[in-house]
Amino acid sequence: MNMTHDYMHHYRGYWSDGGKCRIRIYREDGQAPVVVCSQLPDNDNTSVTNMAEYLAAEVVEEHSLPTPLTWIEHYPEHEGEIGEYSLVRFSSWELEEVCLGGVCRYRVGSPRWSPLCREEVDALTIRVGDQLTLLTTRKKPC
C-alpha cells in the first residue's frame, strides 16, 4: 500500500471550530483503505475519540474512500504518557445527517474500540522503503 495522504485535518468539535488531528491514508488497488487518525497534543477541542464517527464520515466523504475501511485511532506518546492505538469498528458506514452543537453534519454508525498493541499496528503497517506492506501474520504476541 502507498501512503496517499498525510495532513492535519481541521474539524468542528461538539460546540466550536478549532479541532485538529493528523490523518494518514494508505491505499492500494483491490485493498480496503487504512486510515490512521492521530490525536494531536495541542488539540484543545473535542477529542478524536469523542468525534470518531464524525471524523470518519468527513474523511470518507472528502477523499471518496470506499467502505468498509480500516480506521485506527492513535494517541502518540506525549509528556511521559505512553502511546495508544485502537482499531475502531463502526456499526454502519452509511452516512447519516445529524445536528450536533447547532450544526448539521454527517456521521457513520456507532463506534466500538478494540485496543491494539504496537506489534499489531506494525503487522498492518510495516514500512518497506516508502511503501506500506500488509502482513498476514503478527510479528509476535502482545
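A simple count of charges around residue 46, restricted to other residues whose Cβ falls under 15 Å of its Cβ and scoring Lys, Arg +1 and Asp, Glu -1, yields -2.
Amide H to amide H distances under 5 Å link residue 65 with no residue, where only residues 5 or more positions off or on other chains count and H is placed in the peptide plane.
Quick one: net charge around residue 34, please, counting Lys, Arg +1 and Asp, Glu -1 for every other residue with C-beta under 12 Å from its C-beta. Provide the component values of the computation, followed by the final result.
Numbers: positive: 24, 27; negative: 28.
That works out to +1.
Straightening the chain between residue 81 and residue 5 buys 24.7 nm, computed as 0.36 nm per residue apart minus the Cα-Cα spacing. Across all Cα atoms of the chain, the radius of gyration (one decimal) and Dmax (whole number) stand at 15.1, 47 Å. The calculated FRET efficiency for the pair residue 28 and residue 119, based on their C-beta separation and a Förster distance of 22 Å, comes to about 0.50. Approximating the spin labels as points 7 Å out from Cα along Cα→Cβ, the residue 42-to-residue 105 distance works out to 2.1 nm. Please give me the summed charge of the neighbours of residue 106: other residues whose Cβ is under 13 Å from its Cβ, Lys and Arg +1, Asp and Glu -1. Neighbour charge sum, excluding residue 106 itself: -4.
Bear in mind that the values in this text are calculations on the coordinates, not laboratory data. Since the model is a prediction, treat every value here as computed from it, not as a measurement. Quick reminder, even Gly has a Cβ in these numbers, built from the backbone with ideal geometry, and neighbours come from all protein chains shown.
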